[in-house]
Amino acid sequence: ITVQVVRPSVSVIVPAMNEEDNIGWVLARIPSCASEVIVVDGYSTDRTVEVARASLPDVVVVQQRGRGKGAALRTGFERATGDYIVALDADGSMEPGEIEYYVAALEQGYDLVKGSRCLRSGGSLDLTWFRRFGNSALVGTVNLMWGSAFSDLCYGYFGLRRDKLAKLGLTSGGFEIETEIAVRAIEAGLRIAEVPSVELLRQHGISNLNVWTDGWKIVRFLRQHL
């Protein structure tokens, strides 16, 4: 008797805004464990969508509703059909091959898997002293107030079980979505794990992240939920 093991399906979500020079690099490196790849276009004015479709013919391209990374991710969540969801950035700062780490941890029973640049085997080529200081302060605040043990917080490489999304009740519109996911998962009693991740330099262009503006949005979110 042959027993066929059916592995869970995996949706990969890639929010993208004006990343025509980077999106092809990302999509070409997504591993075969991905069942579907969803590029959420953030009103790009360049050829991001065209390059995405040329790089991966079966890619699903959706227009995000609202503005900001949080709005893009929530749009992608609604479109995803996989049992597992893995999200990564479109700028080439995250190695797509690491998707397999997140899938492996989800298969072990975890509900949320966060990438960490601070674990052994992790690291960053792009974390300035100021960003490192701010991230450490926010990690410490969340760990203290929610009794968690995160080593990294403001990093957008993560995986989760799609059937747990309703428990998170996500509402954030900007980069603070990454912090909201972590905090909501703790409050919902989800099983959380971290996997090491190496943050690369973005391939081309300038980041859409504004350290001051987006940092204060995270601070305001935490103050409202303490």
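Throughout, read-outs are computed from the coordinates displayed, never taken from laboratory work. Note that the coordinates shown come from a computational prediction; the quantities given were computed from them, not determined experimentally. Because the Cβ atoms are built from the backbone with ideal geometry, glycine has one as well, and the counts that use them run over all protein chains shown.
Quick look at the numbers
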quantity	calculated
For segment 4-133, diffusion coefficient by Stokes-Einstein and Kirkwood Rh (Cα), 10 °C, 1.306 mPa s, µm²/s	103
Efficiency of FRET between R120 and K164 - r from beta-carbon atoms, R0 25 angstrom, step 0.05	0.35
Label-point gap, in nm, between E187 and R79 - each point 7 angstrom along Cα→Cβ	2.8
Residue-by-residue Karplus 3J(HN,Hα) for segment 148-154, coefficients 6.51, -1.76, 1.60, Hz, glycine and proline x	9, 9, 5, 9, 8, 9, 8
Under-5 Å amide H pairs with I13, H placed in peptide plane, nonlocal only	I38, V86, A87, L88
FRET efficiency estimate (nearest 0.05) - Cβ-Cβ, A28 to R7, R0 25 angstrom	0.65
Sum of side-chain charges, L190 neighbourhood, beta-carbon under 12 Å (Lys, Arg +1; Asp, Glu -1)	+3
Table column - 3J(HN,Hα) (Hz), segment 168-185, Karplus curve with 6.51, -1.76, 1.60, x for Gly and Pro	7, x, 5, 9, 5, x, x, 5, 5, 4, 5, 6, 4, 4, 5, 5, 5, 5
E19 long-range amide H proximity, modeled H, under 5 Å	T48
Linear extension gain, Q224 paired with A104, 0.36 nm per residue minus alpha-carbon span	39.8 nm
Loop-located chymotrypsin sites (Phe, Trp or Tyr not before Pro) in segment 1-99, at most 12 other Cβ atoms within 10 Å (DSSP)	Y43
